[in-house]
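First up is the structure itself, then whatever we jot down about it.
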Amino acid sequence: MSRNARISIAGALFAVAVGLVVMTVMAFLRSSPPTVNFASGHQAGKPLDLTVQTVGSIGYGEHPTWVSYLIKAPDGRWVHTTLWDVPPNTRLNVTILQFDSGSPLRNPFLGLYMTGPKGSPATLNGKPIQVVDATQGNGVGHTFSIPALNVNVPLPGVDGNAKNFCNAAPCQTNEAHNTVQFSFVTPGSGSFRWQCFVPCGLAYLFGNGGPMQTIGYMDGFLTVVPA
Ligand SMILES: [Cu+2]
């Protein structure tokens, strides 16, 4: 084989390798969940309502059996993502509809409701609550925690044997759930990791794998962006 022929074969193989790398990277980028934007068009100073749900199994997509969070987009659709863009210095009135069963907490400290320096007290099904004893009742299903903002909101579980237990998202309000409400104020800027602190990744090592370490399920980012 001539030298030129060898060079062109090597070149072609190199091009194929580069193409495969690019395709893999693109597939990975496309697989990350979408971002829901609550910042654009927001009127400065006006509080913003966020409605979120937690489900025992998402019921569709790549991991239908995984626990997950979903959020209601401004147009009313339930979106399977944990990446939320929010306006700065804004009170977020958060409603979490918790459709999953629960368990005792590994650390009772996580049973404490904390909503940051300017946050409001939390309510569970309309009644004020300061701490939940996860060794009682149906335990705690998940927490909504933003460590950097001092936000920790435990979400008490529902009866996993309830006739109207929700098995696939988006769950409806006629299915068994607990409603947790609270508010907190967003900082002027920054991107803040939030996550669940209940090791709810069933079938993974110590419950901390799978959905617990995958953006879109049990952790995400609250990103403050200018309106
Ligand atoms: Cu969880």
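Read the figures in this text as sums done on the coordinates, not as results from a lab. All of these numbers come straight from a predicted model, not from anything done at the bench. Here the Cβ positions follow ideal geometry from the backbone for every residue, glycine too, while neighbour counts run over all protein chains shown.
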Checklist outcome for this item: T54 vs (1) outside any loop (DSSP other than H, G, I, E, B); (2) more than 21 Å from S32 (Cα to Cα): all pass except (2)
Checklist entry - If you go through the stretch 161-177 one residue at a time, do you hit one that is at positive phi and surrounded by 17 or more Cβ atoms within 10 Å (Cβ to Cβ)? => result no
Next on the checklist: Just to be sure I understand, how many residues within the stretch 188-213 are away from the ligand (no atom under 11 Å from the Cβ) and of a type in the set (G, A, S)?
Outcome noted: 6
Item to check | Those strands (runs of 3 or more DSSP E) lying entirely in the stretch 99-203 with at least 2 residues under 17 Å from the mean Cα position of the chain (by Cα) and touching a residue at least 24 places away in the same chain (Cβ under 8 Å) | outcome: 140-146, 151-156, 178-185, 190-195
Checklist outcome for this item: Matching residues in the stretch 95-121 (away from the ligand (no atom under 16 Å from the Cβ) and either out of contact with any Asp or Glu (no Cβ under 8 Å at 6 or more places or on another chain) or not β-branched (V, I, T) (or both)) number 12
Next on the checklist: I'd like to verify a number: residues in the stretch 63-86 that are assigned to a loop (DSSP other than H, G, I, E, B) and crowded, with 21+ Cβ neighbours inside 10 Å, how many?
Outcome noted: 3
